[in-house]
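The values are calculated or read from the model by the stated rules, or taken from the named source; none is laboratory data. Being a predicted model, the structure only gives us computed values, none of them experimental. With ideal geometry, Cβ positions are generated from the backbone for all residues, glycine too; neighbour counts draw on all protein chains shown. Please note that ligands, DNA and RNA were not included when accessible areas were found on the heavy atoms of the full protein model with its side chains. Shrake-Rupley method; radii C 1.70, N 1.55, O 1.52, S 1.80 Å.
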Amino acid sequence: MQLQHHQHIFPKKEFPIVILCEAIRTPENIGMLFRVAEAFGVQKLFLHQHSPKAEDKLVKRISRHTIEKVDHQIYEEPIQHVQEYKRQGYKVLALEITSTSKPISEIKLQPSDKLFVIVGAERTGVGNNLLGLCDQSVHIQMYGSNSSMNVVNSVSVALYEFTKQLSV
């Protein structure tokens, strides 16, 4: 029998994963990013100042109250945050297809690893200024002719892989 939302059986756990969203523009994607971040125990979300705000009616509706459960911060300039988390020992990963990116399934994480994950805007991806700060770019291996997925779908797949490895 299907369980109701209040009957879920999953243990609550937070992972040392921070996600920086580079200029994501649609309220639906911001709302769903909150839901996915909460579902996978993400430590913090950084949202660009020009992205839809958590107070946006559609963001609130789509997020289903996860805004209150996920630490988040609005940023203007991302580089300082990337550098700060690097100083704290976080691995900086871009979720982006590049000439040097590796399939996400080939990334080997240790339970003690901390991740700072940069995801790009829907149309432009992760910009070169941020790619240059990353320790590694990772992509999701796909088998169709399409070369990209919606940002929330990509983040979901990535968080599944990351949390699976960090839980070992």
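Side notes on the structure shown:
- 17 Å tail of the calculated P(r), the range 13-119, as % of Cα pairs: 54 percent
- The shape of the range 1-65 comes out oblate: with a ≥ b ≥ c from the C-alpha gyration tensor, a/c is at least 1.5 while a/b does not beat b/c.
- For Ser145, the solvent-accessible surface with a 1.4 Å probe is about 130 Å², rounded to the nearest 10.
- A 1.4 Å probe over all protein chains sorts Cys134, Cys21 by accessible area into Cys134, Cys21, starting with the largest.
- The range 31-83 and the range 148-165 have Cα centres lying 16 Å from one another.
- FRET efficiency for the Tyr160 to Glu76 pair, using the beta carbon distance and R₀ = 35 Å, is estimated at 0.70.
- Residue with peak Gaussian network fluctuation, the chain [Cα springs, cutoff 10 Å], from Gly132, Gly31, Gly144: Gly144
- Residue order for Lys44, Lys91, Lys57, Lys69 - accessible surface, 1.4 angstrom probe, largest first: Lys57, Lys69, Lys91, Lys44
- Amide hydrogen neighbours beyond the local backbone of Val42, cut-off 5 Å, H modeled: Phe15
- Each residue of the range 119-135 was assigned a 3J(HN,Hα) from its phi angle through the Karplus curve 6.51 cos²θ - 1.76 cosθ + 1.60 (θ = phi - 60°); the sequence is 10, x, 5, 4, 8, 10, x, 7, x, 4, 4, 7, 4, x, 8, 7, 6 Hz, with glycine and proline shown as x.
- Reachable lysines, given that their alpha-carbon falls under 18 Å from the alpha-carbon of Lys86 and they are not under 8 places away in the same chain: Lys44, Lys114
- Normalised per residue, the accessible area of the range 70-168 is 55 Å², obtained with a 1.4 Å probe and no contribution from ligands, DNA or RNA.
- Accessible carbon and sulfur surface of the chain relative to its total accessible area, %, 1.4 Å: 51 percent
- Lys, Arg +1 and Asp, Glu -1 on Cβ, resulting dipole of the chain about Cα centre, debye, nearest 20: 360 debye
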